[in-house]
Every structure is written in C-alpha cells, then in structure tokens.
Amino acid sequence: MKRLAILTVGKTHSGKTTFAKALEKRMPNSVVIDQDNHAEILHTYYPSLLPKKGPNNIKYALTETIVDYAVNDTSCHIILCNSNRNYNIRQNLLGYYHGKDFTSVVVYFDIPNHVLEERIQKSQRNTTLLRTVSSFEEVLIHQNKESQENSRMAPTKEEADHLFVIRTDKDVEDVISKISEMSQKS
C-alpha cells in the first residue's frame, strides 16, 4: 500500500489544525504531526532550552524525529500540520516523502485576510507559545509581508502529486472526502 503524505500550507488561523484533525478521524491509519504541539511541549517542560532569538531548531528537530519515526517505523499516512509556507523547506519535505515512496498531497488554505483577521479576533488560542511576537495579529502581519516579498509562498500543482485549495469553509468537507477516498485506494 502506498501511503499518503499530506502537507497543509497556510497562514495563521486558516483552519489547518481543524482540517488535519477532521481528516485524521476520517482516514484510517493516519497520524497528525503538528508542530504547535511540539512547541507546547518545549514551552511547558523545557523552557530553558528555547532559543532567545533565531530559528527554533529544537522544535524542528523534535518534529523531524517524530516524522522519521512515523515514516520508518509505522505504516501510517502522515498529515503534517504546519504552515509549510516556505517554498524551499516545502520542497525538501516533499522530496523526503517522495524518496520514501509516499504519494504527496498539498492542501493550500487560501483564505482571505479579512476572514483570518475575524478569526484572530475571536480566537481563544494561547499566545504564550509565540516566541518572537506577542499576538497572532503580528503573526499575520509578518506572514502578509512575507507573501508580498516572496511569490513562492503559495504552492503550485507541479510541487506535489495532488494539490487541493481551500478558500472557504464549504471546501473543507469536499477535500477531506477526496483525500480519504485516495487513502483507501492507495
């Protein structure tokens, strides 16, 4: 059976985690690997190991270890729930999964900014996990600036075996159904 590697791509509050959890429930033998969980573990149990500035290499190493275990020591489909907005990093991830004979699926959350801003205003998410900014509003401002400076943030159909785009909440169920069906055929 060929496994699926599903990468979510999107800005803060676009629905990546909610989507990943719903897909995991509908897709037998799958696991969500969410970097926010790893950040929470480090923040809660190892705060002295968190870098004061620069990339959070320990978080990335923890994620990489969990991904490697899931890929090499289980038969699970992988749902990698991160922002995955950096083209080069995304290409490295997709190359890794292709090298392990996975079918790659990218789910791009192309949600309008006004919707993201509304979600952030209503959000109850804990901001203590944010290291370099103090609010999700600042995260969105930073992500919007990145998008303006780099046109390669949005994935293209050439990057993965399958690309799905979610623009509204109405798209979510359809994409989950299609990916779930794919997993049963692989």
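Computed over the chain, the per-residue total of -39500 (n - 2.57) for DSSP H runs of n ≥ 4 gives a 222 nm mean residue ellipticity of -15500 deg cm²/dmol, rounded to 500.
Cα extents for the stretch 136-179 along the principal axes, largest to smallest and rounded to whole angstrom: 33, 25, 11. Remark: C-alpha extents of the stretch 30-69 on the principal axes read 34, 18, 13 Å, sorted largest to smallest. Pairwise inverse Cα distances across the chain, averaged and inverted, put the Kirkwood hydrodynamic radius at 17.1 Å.
Taking only protein heavy atoms into account and a 1.4 Å probe, give the accessible area per residue of the stretch 35-186 in Å². Spell out each step's value before the answer.
Working: 9240 Å² over 152 residues.
Per residue, the stretch 35-186 has an accessible area of 61 Å².
From the alpha carbon centroid of the stretch 16-72 to that of the stretch 122-183 is 16 Å. With a simple spin-label model that places each label point 7 Å from the Cα along the Cα-to-Cβ direction, the separation between LYS21 and HIS98 comes to 3.3 nm. Residue-wise HN-Hα couplings along the stretch 53-63, as the Karplus relation 6.51 cos²θ - 1.76 cosθ + 1.60 with θ = phi - 60° gives them from phi, are 8, x, x, 8, 4, 5, 5, 5, 5, 4, 4 Hz; Gly and Pro carry x. Applying the Karplus relation 6.51 cos²θ - 1.76 cosθ + 1.60 with θ = phi - 60° to the stretch 158-165 yields 3J(HN,Hα) values of 6, 6, 10, 5, 9, 10, 10, 10 Hz, where x marks Gly and Pro.
Let me have the relative contact order for the chain, percent, based on Cα pairs under 8 Å that are six or more residues apart.
Numbers: 235 pairs, mean separation 67.5, N = 186.
Relative CO of the chain lands at 36 percent.
With N residues in the stretch 1-78, what two-decimal value do you get for its Cα radius of gyration over 2.2 N^0.38 Å? Dividing the Cα Rg of the stretch 1-78 by 2.2 N^0.38 Å gives 1.22. Applying both filters, DSSP loop and at most 15 other Cβ atoms within 10 Å, to the trypsin sites (Lys or Arg not before Pro) of the stretch 27-101 gives LYS52, LYS53, LYS100.
SER147: net charge of surrounding residues, Cβ under 13 Å, Lys/Arg +1, Asp/Glu -1, itself excluded?
Numbers: positive: LYS11, ARG85, LYS145, ARG152; negative: ASP110, GLU146, GLU149.
Combined, the nearby Lys, Arg, Asp and Glu give +1.
At a 1.4 Å probe radius, carbon and sulfur cover how many percent of the accessible area of the stretch 88-186? Result for the stretch 88-186: 48 percent of the exposed heavy-atom area is carbon or sulfur.
Distant-in-sequence amide contacts of VAL106, defined by a placed amide H-H separation under 5 Å and a gap of 5 or more residues or a different chain, comprise LEU7, HIS162, LEU163, PHE164.
The values are calculated or read from the model by the stated rules, or taken from the named source; none is laboratory data. Here the structure is a predicted model, which is why all the values come from computation and not from measurement. Methodologically, a virtual Cβ is constructed for each residue, glycine included, from the backbone with ideal geometry; neighbour enumeration extends over all protein chains shown. Heavy atoms of the whole protein, side chains included, go into the accessibility calculation; ligands, DNA and RNA do not. Shrake-Rupley method; radii C 1.70, N 1.55, O 1.52, S 1.80 Å.
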